1. Show the residue pairs meeting these rules: Cβ distance below 6 Å; 6+ apart or different chains; first residue within segment 160-186 and open to solvent by 40 Å² or more (accessible area, probe 1.4 Å); second residue among the charged types (D, E, K, R) and not in a strand (DSSP E or B).
2. Filter segment 28-60 down to the residues that are under 14 Å from Ala147 (Cα atoms), out of contact with any Gly (no Cβ under 8 Å at 6 or more places or on another chain) and open to solvent by less than 30 Å² (accessible area, probe 1.4 Å) and list them by number.
3. Say whether the condition of being in contact with a Lys or Arg (Cβ under 8 Å, 6 or more places away or on another chain) and part of a strand (DSSP E or B) is met by at least one residue in segment 16-33.
4. Hey, does segment 96-109 have a residue that's open to solvent by 60 Å² or more (accessible area, probe 1.4 Å) and not in a strand (DSSP E or B)?
5. Could you check Val64 against (1) open to solvent by 40 Å² or more (accessible area, probe 1.4 Å); (2) β-branched (Val, Ile, Thr); (3) under 14 Å from the mean Cα position of the chain (by Cα) and say which number it fails?
6. Report, by residue number, each residue of segment 1-49 that is among the acidic types (Asp, Glu) and within 16 Å of the ligand (Cβ to nearest atom).
7. Run Thr83 past the list (1) surrounded by 13 or more Cβ atoms within 10 Å (Cβ to Cβ); (2) away from the ligand (no atom under 11 Å from the Cβ) and report the number of the one that doesn't hold.
8. Within segment 120-184, which strands (runs of 3 or more DSSP E) (wholly inside it) include 3 or more residues that are near the ligand (Cβ under 10 Å from one of its atoms)?
Amino acid sequence: MDGDLDQILITPQAISQRLDALALEMSAVLPGENLVLMPVLTGGLVFAADLMRRLPNRLTVACVNASSYAGARTHSSGNVRLTGLETARAAVRGKHVLLVDDILDTGLTLSALQGALAASGALSIRTCVLLRKDRPQASAFPVDFCAFDIPDAFVVGYGLDFNGLYRNLPCIATLTPQAIASGMADTKEQEKPA
Ligand code: IMP
């Protein structure tokens with residue numbers, strides 16, 4: 001798997017140090033009661049797990065599932081599919097919500113989630129992302145907390161995938177053009193009619 005990586009943008013040590021500081025900053029402003037931390041699966045899984053263990057706040061956890069990069073894509077499909085919404089809506093009623101996602105790219109995912117939860121009786125909805133890409137759509141979308149600003153590149157690791165792979169990498173990295181081409185070729189092969 002390491003041979004597929006082009007550039008390591010953020011090391012595991014840098015992630016850990018930044019999360020320590022971010023959690024301190026967040027715990028000072030997040031409510032001490034009635035807080036629900038909502039990981040946006042699957043990409044937000046690793047970040048949320050590491051972040052919540054640094055937050056001393058009294059909180060509950062409820063997950064929601066979103067996808068817009070299904071298959072071997074390096075750009076958003078523009079369609080966000082949300083699942084698990086009924087459970088998520090019930091979990092946020094009368095609570096302060098913290099949505100925890102992996103990356104802010106077009107902002108469509110967080111925007112769709114905010115819209116879907118808005119009428120569910122949440123006391124407030126805050127957003128937190130691990131990464132924010134340096135692109136106009138991402139910069140224009142306000143988030144409450146962001147761990148790292150990165151260049152406008154396709155990245156994997158620490159929860160982020162390409163074609164379902166690389167989520168278990170402990171760092172954030174770009175892929176070689178060969179790894180991307182081979183993931184795309186695999187998908188085309190699987191999609192061929194039998
Ligand atoms: P947005 O809705 O365009 O902001 O993108 C959010 C979702 O797209 C993220 O939660 C990721 O699942 C996926 N995504 C966006 N950029 C990347 C990337 O560089 N690598 C892997 N997944 C990405």
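1. Arg167/Asp161
2. Passing the criteria: Ala48, Leu51.
3. no
4. Checked segment 96-109: at least one residue is open to solvent by 60 Å² or more (accessible area, probe 1.4 Å) and not in a strand (DSSP E or B).
5. (1)
6. Within segment 1-49, Asp4, Asp6 meet the criteria.
7. (1)
8. Result: 124-133, 172-175.
The values are calculated or read from the model by the stated rules, or taken from the named source; none is laboratory data. A quick note: this is a predicted structure, and the numbers were derived from the prediction, not measured. Note that each Cβ is placed from the backbone with ideal geometry, even for glycine, and that neighbours are counted across all protein chains shown. Protein only, heavy atoms only, side chains kept; ligands, DNA and RNA dropped before computing areas. Shrake-Rupley method; radii C 1.70, N 1.55, O 1.52, S 1.80 Å.
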